[in-house]
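I have placed the structure first, in the form of C-alpha cells, so that the comments after it can refer back to it.
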Amino acid sequence: MKILCVCGLGQGTSLILRINVESVLREIGIQADVENTDVSSASSEHPDYIITNKELAKNLEGHPSKIILVNNYFDKDEIKNALEANLGK
C-alpha cells in the first residue's frame with residue numbers, strides 16, 4: 001500500500017505528517033510505503049491513499065486515490081482515527 005502525505009509546498013508540514021502517519025501505522029500494525037509531497041505533484045501520482053487537509057483536498061477533486069482528511073497534522077489521535085476509519089483497522 002502506498003500513502004502520500006500532502007501539504008502546500010511538500011516540505012515541512014507534509015514531512016511532519018509523514019512521520020506521524022508512519023508512527024501511527026506502526027502502532028496499529030499496518031505496513032505501507034509513506035511519502036510526502038506538494039499538492040501539485042500529488043495530482044500526477046497514483047498512491048492508494050492521499051492524506052491532506054480539507055483546503056488542499058479541493059485541489060485533488062476527481063483524483064482516483066482515496067483522500068483521507070486530517071485537520072491537524074500534529075495530532076496523532078486524529079491521524080489514528082482517520083487511518084482506522086479509512087483503512088479498516
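Bear in mind that the values in this text are calculations on the coordinates, not laboratory data. Because the structure is predicted, anything quoted here is derived from the model rather than measured. We place every Cβ from the backbone using ideal geometry, glycine too, and count neighbours over all the protein chains shown.
Consider a paramagnetic label point 7 Å from the Cα of Asp77 along Cα→Cβ; state which residues of segment 27-52 have an amide N under 19 Å from it. Flagged as within label range: 27-28. With a 10 Å cut-off between alpha carbons and a GNM built on the chain, which of Asn20, Asn59, Asn36 moves the most? Most flexible of the set in this elastic network: Asn59.
In segment 33-89 the Cα-Cα distances spread across 5 Å bins starting at 0 as 4, 19, 31, 26, 16, 4 percent of all pairs. Extension gain for Glu55 to Glu84 (0.36 nm times residue separation, less C-alpha to C-alpha distance): 8.3 nm.
Each Cα pair under 8 Å and six or more residues apart adds its sequence gap; the mean of these over the residue count of segment 2-81 is a relative contact order of 37 percent. Applying a DSSP loop filter and a limit of 16 other Cβ atoms within 10 Å to the GluC sites (Glu not before Pro) in segment 9-89 leaves Glu45, Glu61. Does anyone have the angle between helix 12-28 and the longest principal axis of the chain? Alpha-carbon axes, 0 to 90°, nearest 10? Roughly 30 degrees, rounded to the nearest 10.
The tail of the calculated P(r) for segment 1-79 beyond 23 Å holds 9 percent of all Cα-Cα pairs.
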